[in-house]
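Trainee: Got a structure for you, written out below as structure tokens; questions coming shortly.
Rule-based calculations on the coordinates, nothing more; no lab input. Here the structure is a predicted model, which means the values were calculated and not measured. Quick reminder, even Gly has a Cβ in these numbers, built from the backbone with ideal geometry, and neighbours come from all protein chains shown.
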Amino acid sequence: MQATESGRSSLPPVEECDVLSSPCMPSPLPTSGDHDSALSYICQKSTNQASFAVPLNTCAKLAYALTARKLPRVAMSSQQQDQQPSIAADPHVVGDLENDNDSSADVESLRDSTASLRSSILEYRNINGRHFQSSKTTDYWAPTDEKHIEGFDLAHQYMLLLMDNKLYNAPIGNNPQRILDIGTGTGIWAIDMADEFPSAEVLGTDISAVQPSWLPPNCKFEIDDAQLDWTFPVNHFSYIHARHLYGGIDDWPKLYRQAFTHCAPGGWFENVEIELTTRTENPRYTLGPGHVFTQWRDLFFAAGDKIGRTFRIAENNRMERDMRDAGFVDIVTHQWKVPIGGWASDPKLKKVGLFNGLFIDQSIDGFVVFPIGEILGWSFDEVTVLVANMRAALRDPKALPYYNLHMVYGRKPDNAVSPPLAPQKSPSPPA
């Protein structure tokens, strides 16, 4: 069964996207639902411009309209390496890196944000036109409105491309019985897992009710806060998955301990998180203390440290240490370089970068509203300038930006005795 996401407002059909009126549109346009044509379209528009291609607010709409929101997976073969080599840049996109006279792409004007309240059951906050979720333990830092939800699905697509069409890396076998997705977000990963393993029971939990209502029969969602004590049976799940929880957890060691307790003996726990440090693949591009890439990271670190919910979880092998301390064995780590924009010459990484660029462009203004505006006290104008500077830097054809993505997974021993969960929160170091 291929689930659709009927619980969300639909994007405009192809013929209604305002981007189509642009004189730079390719002809003929790709047909609706043609995934390869959509990718070719985006790649074409990136060829003679800076790394981000056409204005991405319209490009994101078109990509969604062309592929009916649920993008089919693209199978590609590429050898994974933990020691990541440099990413070669496509000279047709970035031009001559030795020529300092190349002009960077113009900065796109910031878009107005609109959102609608998705549920009257849960408590939401409205900050500068964006909707945020509140729970018993946290005011979650990222928006939960439609605009940001669309970004999550784009992130899922670049993850599939990066991982060669795989939803997981842990060796869970062909017949996992019970699967838990912590912080499921839109539920797209859980739905795909339910399709892949129709005999498994797949449960996704999140503090926000933003998941679709039409699901595979073996998939369900529950409103739950992973920071509270879990109420699932002990030794229950064959596989537990958590992705992109950075900035949302106040006690990471406790999260790993709870995953260990509720994972079945012989079962696996897998966690995927990103570094907030934006890096450059161009050795001649200087990232000093005053560069916006550095400023962006430091501001998020400061905001997370201030409220006790670190954004540093992917730094300094922290995930592997927490996994080991919780009791998991056979621990494996992976690291990928994830380009931002279509500047890579490798076809697979170019597509990864294009979807990642769409994800960031769709989400970047929502990222800063709560952490930097509310927690650190920046004014709306100050936040707007910061976002504009970040967009400009990401679109600089000399920047060749990327960040590191980290994955760690481990197995619960067959004869394991679950450790007692701490009765109160244990301190979580900032690094």
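Trainee: Rounded to the nearest 5, what % of DSSP beta bridges with both residues in the stretch 123-411 are antiparallel?
Mentor: The antiparallel fraction comes to roughly 55 percent.
Trainee: Throw me the Rg/Rh for the stretch 177-278, computed over C-alpha atoms with Kirkwood Rh, two decimals.
Mentor: Taking Rg over the Kirkwood Rh, I get 0.95.
Trainee: Separate question: Given Cα pairs under 8 Å that are at least 6 residues apart, what percent is the relative contact order of the stretch 220-346?
Mentor: Once divided by the residue count of the stretch 220-346, the mean separation gives 26 percent.
Trainee: Using 0.36 nm times the number of residues separating residue 86 and residue 388, minus their current alpha carbon distance, what extension gain do you get?
Mentor: Gain on extension, residue 86 to residue 388, equals 105.9 nm.
Trainee: Take residue 222 and residue 335, extend 7 Å from each Cα along the Cα→Cβ direction, and tell me the distance between the two endpoints in nm.
Mentor: With each label placed 7 Å out from Cα toward Cβ, I get 3.7 nm.
Trainee: Can you tell me how the stretch 317-403 classifies by the Cα gyration tensor, rounded, prolate or oblate, using a/c under 1.5 as the rounded cut?
Mentor: oblate
Trainee: About the Cα centre of the stretch 123-411, how large is the charge dipole given +1 on each Lys and Arg Cβ and -1 on each Asp and Glu Cβ? Please answer in debye to the nearest 20.
Mentor: 760 debye
Trainee: Sorting 414, 224 on the 10 Å Cβ count, fewest up front, what's the list?
Mentor: Exposure proxy ranking, most exposed first: 414, 224.
Trainee: Contact order normalised by length for the stretch 123-411, with contacts defined as Cα pairs under 8 Å and 6 or more residues apart; what percent is it?
Mentor: Relative contact order here is 22 percent.
Trainee: Positive end of the charge dipole of the stretch 123-411 (Lys, Arg +1 and Asp, Glu -1 on Cβ, about the Cα centre): tell me which of 268, 378, 408 has its Cα farthest that way.
Mentor: It is 408.
Trainee: Need one number: nm distance between label points at residue 298 and residue 234, each 7 Å from Cα along Cα→Cβ, rounded to one decimal.
Mentor: Distance between label points: 4.7 nm.
Trainee: In what order do 241, 236 fall by count of nearby beta-carbon atoms within 10 Å, going from fewest to most?
Mentor: Result, fewest neighbours first: 236, 241.
Trainee: Given the pairs 220/412; 337/398; 337/412; 220/254; 166/337, which span a C-alpha to C-alpha distance of over 19 angstrom in this model?
Mentor: 220/412; 337/412; 220/254
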